[in-house]
Amino acid sequence: MYWLTWITARLAFAVFWRYRVEGLHHLPRDRGFIVAANHRSFAEPALIGCTVPRRNFFFAKRELFAQPLFGLYLRALGAFPVDRGGADLRAIRYSMDVLRKGRVLVFFPEGTRSPSDAFLPAQPGIGMIALRAQVPVVPAYVQGSRRARGRLWAPRPVRPRFGPAVEVADSGWTTDREGYQRLADLVLERIKDSARSMGETVTEASRSADHE
């Protein structure tokens, strides 16, 4: 089911959204790692998932698993439920296990979808998981996904670009909230650097209650 969906999604994106990938050489080949991407539409999990040529896992809000058959399909695709109201220790432990087994975790540092092209502040969760699991974080910027959502034919090509990995092992990061936040901020800044290199104007938005 996973690889059938992977192939189908990749072909559909290539045909209808003129999907092009850049920077695949930055992805580690022999260890677990986190892909950290911007989040502008429902498409990013699929866009990242069908780009990385390994089995991917990602958080999904628990409400999506309420329908049993759809929940089973999500699990087959590597999704696992998370409660967004606070720290979900079970989901955190699951993500750590995924990484320690040498697999790939897809993560969105902003914590939720931005309603515009502006970046929301980074949340410390990605820093905590990366530092505890001692795995690199590969920043990725997906260009054009927000304008492509809801369209069969994207008005411009959709392009995921991967940047150089942020290494955390033996790097002096402190394993406390301050250290987690500093790493999360750095990862988000690397994503913004990729956006700038693709000709995007980077803007920032504050996090309102509606974004939680």
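Here are the numbers for this structure:
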read-out	value
Correct choice for volume of the Cα convex hull per residue in Å³ that was computed from the model, options (1) 137; (2) 124; (3) 184	(2)
Interchain or long-range residues, amide H under 5 Å from Val35's placed H	Leu105, Val106, Phe107, Val138
³J(HN,Hα), Karplus 6.51/-1.76/1.60, whole Hz, each residue of the range 40-51, x for Gly, Pro	10, 7, 6, 7, 4, x, 6, 4, 5, x, 8, 9
Nonlocal amide H pairs with Ala60, under 5 Å, H built at 1.01 Å	Phe80, Val82
Mean Kyte hydropathy of 0.5 or more with a Cα span along the axis of at least 15 Å, helices from DSSP in the chain	2-16
Neighbour-count order for Ser95, Ser114, fewest beta carbons within 10 angstrom listed first	Ser114, Ser95
Beta bridge orientation in the range 2-206: antiparallel %, DSSP, nearest 5	25
Sequence-separation-based contact order of the chain, relative, with Cα cut under 8 Å and 6+ spacing, percent	28
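Bear in mind these aren't lab numbers, they're just calculated from the coordinates by the rules spelled out. This one's a predicted model, so the numbers in the text were calculated from it and none came from an experiment. Neighbour counts run over all protein chains shown; Cβ positions are idealised from the backbone, glycine included.
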